[in-house]
1. Could you name the aspartates and glutamates in cross-link range of K156, using Cα to Cα under 14 Å and dropping any fewer than eight places away on the same chain?
2. Taking only Cα atoms, what is the 0 to 90° angle, nearest 10, from helix 50-62's long axis to the longest principal axis of the chain?
3. Using amide H atoms built 1.01 Å from N in the peptide plane, name the residues 5+ places from F117, or on other chains, whose amide H lies under 5 Å from its own.
4. Once both axes come from the Cα atoms, what is the angle between helix 152-166 and the longest principal axis of the chain, in degrees from 0 to 90, rounded to 10?
5. Output the Kirkwood hydrodynamic radius of the chain, Cα pairs only, in Å rounded to one decimal.
6. Quick one, can you get me the convex hull of the C-alpha atoms of region 98-166 expressed as volume per residue in Å³?
7. Among I42, N89, Y58, whose Cα sits farthest toward the positive end of the charge dipole of region 42-134 (+1 at Cβ of Lys/Arg, -1 at Cβ of Asp/Glu, about the Cα centre)?
8. Contact order normalised by length for region 1-132, with contacts defined as Cα pairs under 8 Å and 6 or more residues apart; what percent is it?
Amino acid sequence: MSENSILEHSVVHEYLKKKVGEEGIVVIKSFLGKEETTDEEIAKITGLKLNIVRRILYILYESRIAEYKRLKDKESGWMTYLWSINPKNIEAAIENEAKRLIRNLEARLEFERENMFYVCSCGDTKVSFWQALEQNFKCGACGGALTYRDSSLIIKAIERRISEVEDP
Ligand SMILES: [Zn+2]
């Protein structure tokens, strides 16, 4: 990986931190100035345990941010894994993540818009209108009265979150 700048980008940094933690960012930074390297070399440079480095590389591999090549040593028959980071795929992974998040938020939004909920002040009960009717508008946990919960604040909060994700 040749440049540090992509890691300095706050959206990228936040995304990677959530995905692989600060240790993961340390691992990614250990690739700076290198085309490829081994997990053992990364462990040596970063001071992280080898199993932690491997776990992080595997998570990055699943998002195609990290890639590897296998090389077989002709004499010993040992396999060496040469890892590299593909910065272009960091952007793609962030885009995919944002799309997935928006899909989830939109589903939640639709659910909130289409359903009326009844709640109890004890905090244990949140049921649909039909379920509340079945229970005679009494809480199953404490027997208290179920009251209509106004969803408009939640709907606004979800809408706000969607626009934040769409336009960070
Ligand atoms: Zn209750």
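1. Excluding near neighbours in sequence, the set is E106, E110, E112, E164.
2. With both axes taken from Cα atoms, the answer is about 70 degrees.
3. So F117 has HN proximity to R149.
4. 20 degrees
5. In the chain this quantity evaluates to 19.7 Å.
6. Details: hull volume 5.9 nm³, N = 69.
In region 98-166, the Cα hull volume divided by residue count equals 85 Å³.
7. Of I42, N89, Y58, it is I42.
8. 19 percent
FYI, it's all coordinate maths here, none of it is from the lab. On a predicted model such as this, the values are computed, not experimentally measured, just so you know. Using ideal geometry, Cβ is built from the backbone for each residue, glycine included, and neighbour counts are taken over all protein chains shown.
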